[in-house]
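Each reported figure results from applying straightforward, stated rules to the coordinates on display, with no laboratory input. Keep in mind the model is a prediction, meaning the values are calculated, not measured. Cβ: placed from backbone, ideal geometry, glycine included. Neighbour counts: every protein chain shown.
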Amino acid sequence: MIEYGIFAALIYRGLVASGVKKNNAGIYSILLALLYGVTDEFHQSYTPGREPRVRDVVFDTIGAILTIYSIWNLLPKAPERLRAWAKKLQLI
């Protein structure tokens, strides 16, 4: 979950820096994290001792959604020090 949250944040940052609107960048980030989660589970079906699970894709997607939600709704309301850190990382 955490890995896919970080993944979504990095995709979001890259898309916003490329000129994509923030709302669209968030949606694309979540969709790309979902797609990557599906391909990761597909890959696991060929790995001995591992099996693909839909549950894992759901948890990965939840991590991406929570991250984008945090960037959109929680970071702007955060204390100034945290907002300054987020601005330095180009998240807001």
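Along the range 47-53 the Karplus relation, 6.51 cos²θ - 1.76 cosθ + 1.60 evaluated at θ = phi - 60°, assigns HN-Hα couplings of 9, x, x, 10, 9, x, 9 Hz to successive residues, with x for each Gly and Pro. Net charge dipole, the range 2-88: roughly 600 debye, given to the nearest 20, about the Cα centre with Cβ charges of +1 for Lys and Arg and -1 for Asp and Glu. Scanning the chain for DSSP H helices at least 15 Å long along the axis (C-alpha atoms) with a Kyte-Doolittle mean no lower than 0.0 picks out 2-17, 22-44, 54-69.
Net charge near residue 50: determine it from the other residues with C-beta under 12 Å of the C-beta of residue 50, scoring Lys and Arg +1 and Asp and Glu -1. Summing Lys and Arg as +1 and Asp and Glu as -1 gives -3.
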